[in-house]
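The values are calculated or read from the model by the stated rules, or taken from the named source; none is laboratory data. All values reported here derive from a predicted model rather than from experimental measurement. Here the Cβ positions follow ideal geometry from the backbone for every residue, glycine too, while neighbour counts run over all protein chains shown. Surface areas here come from the heavy atoms of the whole protein model, side chains and all, with no ligands, DNA or RNA. Shrake-Rupley method; radii C 1.70, N 1.55, O 1.52, S 1.80 Å.
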Amino acid sequence: MDKQNPIATLSKSFALRIVKLERFLREEKMERVLSKQLLRSGTSIGANIRESIYAQSKADFISKMSIALKESSETEYWLELLHESGVLSDAEYESIYNDNSKLSATLINIIKKAKKSEE
C-alpha cells in the first residue's frame, strides 16, 4: 500500500527514524521523558496518514491529515527542546528536523488541495 502513496511511505520512514532516535536517546543519552513524547507524536503522524487512506468522507480525510499535521508540529517542538537543551547535536537535530519539515509541507499541500476540491 505504501508504495502507491508517497506521503504514507514518507511518514513511515520518518516514524522508523523516530523509533531509532528514541532508542538512542533512551539508551545512550539516558533521556526518557522527552524521548517518550517524541516517540508518541512522531509515530502518530504516519498512523493518522494511514487512517486517512480509508477515510469515510472528504471531511474525514481532511481531519485525519490535519491531525497528522498537528502531530508533526508537536514533534517539531520536542525536537527543538531536545536540541536546545543540548541532548541532540546540531547535526542530529538538523537531519530529523528537515525530514519533519518536509512532512509538514507535504501535509499542508495535501490539506489545501483537499479543501479546494471541496469547494
Checklist entry - How many of the residues in segment 74-107 are part of a helix (DSSP H, G or I) and open to solvent by 70 Å² or more (accessible area, probe 1.4 Å)? => result 7
Next on the checklist: With the structure loaded, tell me whether K115 is within 25 Å of Q4 (Cα to Cα), out of contact with any Ser or Thr (no Cβ under 6 Å at 6 or more places or on another chain) and without any contact (Cβ under 8 Å) to a residue 60 or more places away in the chain or whether it fails that test.
Outcome noted: yes
Checklist entry - Taking segment 6-33, which residues are of a type outside the set (A, V, I, L, M, F, W, C) and open to solvent by 40 Å² or more (accessible area, probe 1.4 Å)? => result P6, T9, K12, S13, R17, K20, R23, R26, E27, E28, K29, R32
Item to check | Close pairs (6 angstrom Cβ cut-off, 6 or more residues apart or separate chains): touching a residue at least 40 places away in the same chain (Cβ under 8 Å) in segment 64-88, surrounded by fewer than 19 Cβ atoms within 10 Å (Cβ to Cβ) and among the basic types (K, R) anywhere | outcome: V87/K29
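Which of the residues spanning segment 14-36 are in contact (Cβ under 8 Å) with a residue 24 or more places away in the chain, over 14 Å from H83 (Cβ atoms) and in contact with an Asp or Glu (Cβ under 8 Å, 6 or more places away or on another chain)?
F14, R17
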Checklist entry - Do you know which residues across segment 38-73 are more than 27 Å from K113 (Cα to Cα) and open to solvent by 70 Å² or more (accessible area, probe 1.4 Å)? => result R40
